[in-house]
Amino acid sequence: FLRDFSKRNYGYILNVASIAGFMAGPLMATYYASKNYVLQLTRAISQELKHNKVNVYVGALCPGPVDTEFNRVAGAEFAVGGASASEVADYALDEMFKGRNVIIPKKEIKALALAAKTLPSKWMLWGTYFAQTARKDDPGENQ
């Protein structure tokens, strides 16, 4: 899509990353790392497009928990309440059309992203580990 959009000099690409992309995630390391990859790839491509004056938007949606059928079927539980899929989609589109590169829908999740940027990583690692083990009776299930 990016190649076609670049030729037309117009288009929108919104990648779905996660708040997990801002931190390391003990007990779910691959998931957290893959979301960081999506976030950083998005930022890099966006910068390349700006530098080359290509009028194509590339951004990353980094929601926290989203209430979906998948969560209910998987029995997923989160430390903070989830937003509805329609709330996240509406917010994401509004912010995308404003040109925001990284989109984080909820205040609590924005605060978590700020904490991940400012707190010592050992504190974030401890907090993430604690949150992951608190999600299930058997923390080994997350590995």
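The values are calculated or read from the model by the stated rules, or taken from the named source; none is laboratory data. Here the structure is a predicted model, which is why all the values come from computation and not from measurement. Cβ coordinates were reconstructed from backbone atoms using ideal geometry, including for glycine residues, and neighbour counts include every protein chain displayed. To get the accessible areas, we keep the full protein, side chains included, count just its heavy atoms, and leave off ligands, DNA and RNA. Shrake-Rupley method; radii C 1.70, N 1.55, O 1.52, S 1.80 Å.
Using only Cα atoms, tell me the angle between helix 85-97 and the longest principal axis of the chain; keep it within 0 to 90° and round to the nearest 10. On a 0 to 90 degree scale, this one is about 40.
What angle, in degrees between 0 and 90 and rounded to the nearest 10, separates the Cα long axis of helix 107-118 from the longest principal axis of the Cα atoms of the chain? The helix 107-118 is inclined about 90 degrees to the chain. In the chain, the portion of solvent-accessible area held by carbon and sulfur atoms comes to 58 percent [1.4 Å probe, whole percent, DNA, RNA and ligands not counted].
Were the residues from Glu48 through Tyr10 laid out at 0.36 nm apart, the gain over their Cα-Cα distance would be 12.2 nm. At full extension, Ala89 and Leu2 could sit 29.2 nm farther apart than now, given 0.36 nm per residue minus the alpha carbon distance. Across the chain, the fraction of Cα-Cα pairs farther apart than 19 Å, rounded to a whole number, is 56%.
For helix 121-135, what angle does its Cα long axis make with the longest principal axis of the chain, in degrees from 0 to 90 and rounded to 10? Approximately 60 degrees, to the nearest ten.
Averaged per residue, what accessible surface does the chain expose to a 1.4 Å probe, in Å²? Intermediate results must be reported in sequence, preceding the final value.
On the way: 9160 Å² over 143 residues.
Value for the chain: 64 Å² per residue.
The slack between Asn55 and Tyr37, meaning 0.36 nm per residue of separation minus the straight C-alpha distance, is 4.2 nm. Each Lys or Arg adds one and each Asp or Glu takes one away; over the other residues whose Cβ falls under 10 Å from the Cβ of Asn101, this sums to +2.
Computed per residue of the chain from DSSP H runs no shorter than four, each worth -39500 (n - 2.57), the mean residue ellipticity at 222 nm is -16500 deg cm²/dmol. Distance between the modelled labels on Tyr129 and Leu114, one decimal in nanometres: 2.7 nm (7 Å Cα→Cβ projection).
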